[in-house]
Each structure stands twice: as C-alpha cells, then as structure tokens.
Amino acid sequence: MPQLHAPDPCSYNVCYEPETVAPLASDVLACVHFRAGEGPGDGDPRRICVRLEQFGSAPLMEVWRSTRPVKHGRSDGLAYAHNGVVLIGQLELGQADIDDLDRATAHAYVHIEALLRRTGYPSWLRIWNYLAHINRGDGDAERYRLFTQGRYRALALKPGFEAHLPAATAIGTPDGGLLIYFLAARSPGVQAENPRQVSAFRYPREYGPRSPSFSRATQKHWAQGRQLFISGTASVVGHATVHEGDPIEQLEETARNLRSLLESTGMPGARPLGLKLYVRRAEHFEAVRKRAVDLFSAGVPLLCLQGDVSRPHLLVEMEGLYADEGGAR
Ligand code: 3EB
C-alpha cells in the first residue's frame, strides 16, 4: 500500500528483562508480568499481570519503553499509557464480573474502542486476550467460542471490519477472568494474512457460530523501518489442526507458518525482537523449548509460558514481533 503521509517514528522499544517489582520509571508505557496469581499491586496503571506460569528459571517481564514523554491514567475500568504516537491499555474483568461471557466480551471490546476513539489512537495494532478456562464447556458453549462471538459482535459493528482486524492472541489461564491488553496507534497498520492458512475470520462453521475476528499479522511502517506483529500462530494448515498429539511436529508446522508470513509480507530477512512460546502441558516444555531454540536460533529473546491454546488439540502456539533492518530499536 502506498504511504499517503510520512510514517511516524517508532517511539518505543520492547524488552524481556528479569522480573522486578521496583516502581516503574517515567519512560515506561507498560510492564507486563507473567505469573500465576496476583501481580505486584502498587496500583500503577501501566502494570499488566498475565496469570500464566513461566517455564525456566528466572522469570522475565515484558517492558515497553517510550522515547517520548508518557502520560498515563485510568478511565471507566480501563488503564492506559500513551506517548503521542502509540497507546497501550488494558481491561481486566474478574470471573465474578462475568455473568455472560459473550456479552461481557462484546461490552469490553466496545468499551476499548470508545477509549481509543476518545484519546485519538483509533488504530489497533495488536491485542492479547487471556481468558480463564478457555476450553471449558462443550460444543458452542465452549468459553473460547463464547468469547469469539462477543468479540465478533463488537467488531462487526464497523462496516468493512474484516479488512482492518488486528493481530491477536487468545490463550487460556488457569484462573482469573478475562484480561485484554492492546497496542494502538494514531495511524493504521496493514493487515496481513497467511497464504498457508484460511483467514481466521473465514473459518467454517465447525469451529463455532462466529469466526474468530483477528488477522494473522499487522505490518506497521515506522520512519525507521517496518515491524510485523505476528498473531498467535499454531499448527493450523488451511483451517485444519494438523499433527494432533505431537508437540514437536506442531512446533515445526508453526515455524513454517511464521516463515510463510514473513515471506508473504516481504520481510524474509526480518529479525525477531521477541518471541513468546505457549505450551499447553508442562511435560512437553523441555523438548519444545529445545526445538524452538534450534528453529529460531539461540539468542533470540524468548518467553516461555504454560497456557491453554484455543483449540483443544493444539499443544503449542508462538507469537512474535519482527523488524526489518532499521525497524528495530
Ligand atoms: C488459530 O490459528 C489458533 O482468537 O484471537 C491464534 C491467535 C488463535 C488468536 C484469537 C486464536 C486467536 O486459529 C488460535
């Protein structure tokens, strides 16, 4: 797509760092903790706590730092921080606040969109959804399917929404309710789909009454270069789950899907700024992590989490942020 205006400068960087609970510096846009149970409760609206256990010894946190002055605040149950170019925010519902998951999800998404419009960051780049007991419930009553319906109802209010879907992750947690955190920008990114996969928003009926509203990746042009926000990616070819029961083969298929996205978006040489690996079962972790290091090369920042993937037969999922030369800060 031609650029109508000069792209904004990339105004943040993201790092995985050893976890600390020290007060956040003024340049922090968001600090994401990954641990079971409650996170550090210092009340800073920039702290985001994902209720997933990390594999490996020293726990890491994901820190988004800004190169421009940061403002932060809360409004209507949402917490956010922004710097004039991007906004990172979160909305958390406890399970006790969720009476009807479909309705609660639709309401959450409408609420977030209203915040983004009001603050002037209307373009979603990336969304993370963490939902307790994602695979609980049978058939169309499965919690992931209820969540998917609610999200669809909110996003489908916008005409042409399927051409402007953000990259996303939806992972199950052992407790909590629904946590949504998101990165939005003043100017839009470009939606990317994967030629090896049916677009999720076109999945057939067998996966639920509404198809999942997300894109395979968002490509964002910054003045320094391009970044690619890759969605949670799993062992799905066409629309089918492949390599049922084999976590290593699922990881290899996932790597082929990531490679295909990088090639089809014209970023075959891009490097990963950070990857996340979600593994459903603890007993698969060692072998999966070892294979991931071989596939993605040692030295790539990697965060390993125990989480439930949206389809019950999927055992692993990966997501990542890639940057062209120059797009990495
Ligand atoms: C898949 O390819 C795997 O519903 O937001 C991956 C990333 C998946 C995001 C979502 C679901 C979502 O269908 C599942």
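Every number here is computed from the coordinates shown, using simple stated rules; none is lab data. These figures come from a predicted structure and were not determined experimentally. Cβ placement follows ideal geometry from the backbone for every residue including glycine, while neighbour counts extend to all protein chains displayed.
A Cβ-based charge dipole, computed about the Cα centre of the chain with Lys and Arg at +1 and Asp and Glu at -1, lands at about 920 debye. The average projected area of the stretch 234-323, computed from the convex hull of its Cα atoms over all directions, is 5.5 nm². Rounded is the label for the chain, because a/c, from the alpha-carbon gyration tensor with a ≥ b ≥ c as root eigenvalues, stays below 1.5. In terms of other Cβ atoms within 10 Å, Asp76, Asp44 run from fewest to most in the order Asp76, Asp44.
Scaled against the 2.2 N^0.38 Å expected of a compact globular protein of N residues, the Cα radius of gyration of the stretch 20-96 reads 1.12. Note on Val300, Val309: ascending count of other Cβ atoms within 10 Å places them as Val300, Val309, the fewest first. Name the shape class, rounded, prolate or oblate, that the alpha-carbon gyration tensor gives for the stretch 101-224, where a ≥ b ≥ c are the square roots of its eigenvalues, rounded holds for a/c under 1.5, and otherwise prolate holds if a/b is larger than b/c and oblate otherwise. Note, shape of the stretch 101-224 comes out prolate. Ranked by how many other Cβ atoms sit within 10 Å of their own Cβ, fewest first, the residues Lys71, Lys158, Lys276 fall in the order Lys158, Lys71, Lys276.
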